[in-house]
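First comes the structure, then the notes that go with it.
Every number here is computed from the coordinates shown, using simple stated rules; none is lab data. The shown structure was predicted, so the numbers you read here are calculated from the model rather than taken from an experiment. Cβ: placed from backbone, ideal geometry, glycine included. Neighbour counts: every protein chain shown.
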């Protein structure tokens, strides 16, 4: 399995990352890295193609996904907790 690496900080990428559909160099970035980079310069680091991204839209989408993930985890924990309690008190 190939690890995805952030084009800015060169650390591993996991679930959430940003990939521009404006350039063809297929580079992926951590959300926070691309937001910081875009504040400095709005070109692709590799191909130097100008990239206009909506930083607020990226932040909002990231937060929405994070909230959904947290809700799913809470639901799973609640289901497991109820299942565990049901099995412990049944005869």
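Summary of computed values
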{"quantity": "Order by protection proxy (mean Cβ within 10 Å, highest first), peptides 10-20, 32-42, 69-79, 50-60", "calculated": "32-42, 10-20, 50-60, 69-79"}
{"quantity": "Relative contact order (%) - criterion: Cα under 8 Å, at least six apart; region: the chain", "calculated": "19"}
{"quantity": "For region 45-61 versus region 65-81, the gap between their alpha-carbon centres in whole angstrom", "calculated": "30"}
{"quantity": "Angle in degrees between helix 31-40 and the longest Cα principal axis of the chain, rounded to the nearest 10", "calculated": "30"}
{"quantity": "(1) 1.07; (2) 1.24; (3) 1.18, with the label sought being that of the calculated Rg/Rh (Cα atoms, Kirkwood Rh)", "calculated": "(2)"}
{"quantity": "Spatial extent of region 1-53: Rg and Dmax, with the Cα atoms as the point set, Å", "calculated": "10.5, 33"}
